[in-house]
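Chemist: Next up is a structure, given as structure tokens.
The values are calculated or read from the model by the stated rules, or taken from the named source; none is laboratory data. Being a predicted model, the structure only gives us computed values, none of them experimental. Here the Cβ is made from the backbone with ideal geometry for all residues, glycine too, and neighbour counts use every protein chain on show. Ligands, DNA and RNA are stripped out before the accessible areas are found, and what is left, the full protein with its side chains, is counted by its heavy atoms. Shrake-Rupley method; radii C 1.70, N 1.55, O 1.52, S 1.80 Å.
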Amino acid sequence: MCNTCGCNITPGNRPLVMAEKPKNGVTTVSVLQNLLSQNNHQADHNRAHFDASKVLVINLMSSPGSGKTALLEATIKRLRESLKIAVIEGDLETENDTKRIQAQGVPAYQITTGTACHLDAHLVHNALHHLALDNLDLLFIENVGNLVCPASFDLGHHRNVVLLSVTEGDDKPAKYPVMFRAADLMLISKTDLLPYLDDFSPSNAEQNLHNLASDAPVIAFSSKDGQGMDAWITWLLTEIKDYQALLLNQKTQRPKIQQDGQLLHAQPGNTKFYPVSNKTEHLV
Amino acid sequence: MHELSLCDDLLGQVIAIAAKHKAQSVESITVAIGALAGVEPLLLESAFSLIKAGTLAEQAQLILQTAPVIVLCRTCGTQSEVTPNRLLCKTCQSNETTLISGDELILASVALNCPD
């Protein structure tokens, strides 16, 4: 979805949106503004912060308990010697996840949302001023566990990663199309449990994802026994490299679903940023 | 659950437009929603009726237009109206499709009562 006025109008929905009935004494003003424009504006601002600090930001989304924090722990163990990583944690209550991440020796900041079921760009903006972005290569935002609302909010991040644990059922992409359509990468987690489940087929899960016209790659992994972790780490390092190359050309990265929206609806936003350091030269 | 905060944004935009046109009140508000926008029209409606109280839009009718989910096939060039969880071309079954309608969440227009 794009973030400026009027550009959401496409050949498909134009007749619907343009239909106006004139009435006596009433002035009809055509607006055509995205309802999320306030959030999207803040998200662009966040992205400019991230780009100025050259830090790739990954938004991790899934149901509660599908293994986001365990994935982060395993990832940090593998990468903490070579990359500077930090995590923003979103939960309704407790700082449990932040403590788990901090125990791995990397900075973490907890956003407790109270009753809110998702993070938005404003919450993330408040959090990012608690982290020394200039010292980072990679920032994970662990969204609130929820397969519905988080998908609708741009946080200013660069990539969406959606986890699906094998205990949840392989039809989740068909049941939650808004969420899974947003995925730049789908991770199938807890594969160490597959031998105990006769009703989860990774290939069915992949097929349900592809039915959403998604060409996102799928990686099956287990944080417990390490299976599939190499493929995930390779994906991450490639993403960091691609992102750094884009920055050198004064461009930024956006989740694929947003790029599609822009191609469809309008010109890309004018996000300006000024790189502050060359701290990630070792990656390029 | 985020329909209420969405309504807050919607009302903010509407009130700003009404003020700009020096309107006495807002007659109606038209919003276009696609099935892939992640917003439930019924919840949006009930949230709006709560949040509009005591504002210029107190009497306003919220008109929700549901946009169909339509994909354009990049393989054979056909357009098909599809369901939200099956965005495949109906002609050739390809998943190389582009969504051309169905993810919108737009304040389309506002009808205002303006003094002459």
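Chemist: Can you name the condition, by its number, that residue A:117 falls short on among (1) open to solvent by less than 40 Å² (accessible area, probe 1.4 Å); (2) more than 10 Å from chain B (Cβ to nearest Cβ); (3) not small (Gly, Ala, Ser)?
Modeler: For residue A:117, the failing item is (2).
Chemist: Here is a follow-up. Here is a list of conditions, (1) facing chain A (nearest Cβ under 7 Å); (2) under 30 Å from residue B:50 (Cα atoms), and residue B:95 meets all of them except one; can you say which number that is?
Modeler: With (1) facing chain A (nearest Cβ under 7 Å); (2) under 30 Å from residue B:50 (Cα atoms) applied to residue B:95, the lone miss is (2).
Chemist: In addition: Answer yes or no as to whether residue B:88 is more than 7 Å from chain A (Cβ to nearest Cβ) and either hydrophobic (A, V, I, L, M, F, W, C) or out of contact with any Cys (no Cβ under 8 Å at 6 or more places or on another chain) (or both). Please lay out each step first, then the result.
Modeler: Working: more than 7 Å from chain A (Cβ to nearest Cβ): no; either hydrophobic (A, V, I, L, M, F, W, C) or out of contact with any Cys (no Cβ under 8 Å at 6 or more places or on another chain) (or both): yes.
Here the answer is no, as residue B:88 does not meet what is asked.
Chemist: Can I ask one more? Taking the conditions exactly as written (farther than 21 Å from residue A:152 by Cα and part of a helix (DSSP H, G or I)), does residue A:75 satisfy them or not?
Modeler: On the way: farther than 21 Å from residue A:152 by Cα: yes; part of a helix (DSSP H, G or I): yes.
In short, yes.
Chemist: Scan A:70, A:132 and give me the residue that is more than 30 Å from residue A:173 (Cα to Cα), of a type in the set (A, V, I, L, M, F, W, C) and open to solvent by 20 Å² or more (accessible area, probe 1.4 Å). Spell out the reasoning first.
Modeler: Numbers: A:70 fails: more than 30 Å from residue A:173 (Cα to Cα).
That would be A:132, the only listed residue that is more than 30 Å from residue A:173 (Cα to Cα), of a type in the set (A, V, I, L, M, F, W, C) and open to solvent by 20 Å² or more (accessible area, probe 1.4 Å).
Chemist: Cβ-Cβ under 9 Å, sequence separation 6+ or interchain: first residue in the stretch A:75-104 and open to solvent by 60 Å² or more (accessible area, probe 1.4 Å), partner among the basic types (Lys, Arg) and not in a helix (DSSP H, G or I). Which pairs?
Modeler: Taking only residues 6 or more apart or on different chains, the pairs are A:84/A:279.
Chemist: Within the stretch B:39-70, track down each residue that is open to solvent by 20 Å² or more (accessible area, probe 1.4 Å), part of a loop (DSSP other than H, G, I, E, B) and at the interface with another protein chain (Cβ under 9 Å from one of its Cβ atoms).
Modeler: Once the filter is applied, which keeps residues that are open to solvent by 20 Å² or more (accessible area, probe 1.4 Å), part of a loop (DSSP other than H, G, I, E, B) and at the interface with another protein chain (Cβ under 9 Å from one of its Cβ atoms), the stretch B:39-70 yields only B:68.
Chemist: Could you please find all residues in the stretch A:54-67 being open to solvent by less than 10 Å² (accessible area, probe 1.4 Å) and either more than 18 Å from the chain's Cα centre (by Cα) or of a type in the set (D, E, K, R) (or both)?
Modeler: Restricting attention to the stretch A:54-67, the residues satisfying the condition of being open to solvent by less than 10 Å² (accessible area, probe 1.4 Å) are A:55-62, A:66.
Listed by number, the list is empty, since nothing qualifies.
Chemist: Can you pull out the residues in the stretch A:146-169 that are in contact with a strand residue (DSSP E or B) (Cβ under 8 Å, 6 or more places away or on another chain), closer than 17 Å to residue A:67 by Cβ and modelled with pLDDT of 95 or more?
Modeler: Within the stretch A:146-169, A:160, A:161, A:162, A:163, A:164, A:165, A:166 qualify.
Chemist: From the set of residues in the stretch A:15-49 that are modelled with pLDDT of 70 or more, in a strand (DSSP E or B) and on the phi < 0 side of the Ramachandran plot, which is surrounded by the most Cβ atoms within 10 Å (Cβ to Cβ)? Steps first, please.
Modeler: Of the residues in the stretch A:15-49, the ones modelled with pLDDT of 70 or more are A:25-49.
Then keep just the ones that are in a strand (DSSP E or B); that gives A:26-34.
Filter once more, so that each one left must be on the phi < 0 side of the Ramachandran plot: A:26-31, A:33-34.
On the way: A:26: 16, A:27: 14, A:28: 16, A:29: 17, A:30: 15, A:31: 19, A:33: 21, A:34: 26.
Ranking the qualifying residues of the stretch A:15-49, first place goes to A:34.
Chemist: Residues of the stretch B:71-85 being part of a strand (DSSP E or B), more than 7 Å from every other protein chain (Cβ to nearest Cβ) and of a type in the set (A, V, I, L, M), which ones? Step through it out loud before you land on a result.
Modeler: First pass over the stretch B:71-85, keeping only residues part of a strand (DSSP E or B): B:71-73, B:79-81, B:83.
Restricting the remaining residues to those that are more than 7 Å from every other protein chain (Cβ to nearest Cβ) gives B:72-73, B:79-81, B:83.
Of everything in the stretch B:71-85, just one residue is part of a strand (DSSP E or B), more than 7 Å from every other protein chain (Cβ to nearest Cβ) and of a type in the set (A, V, I, L, M), namely B:72.
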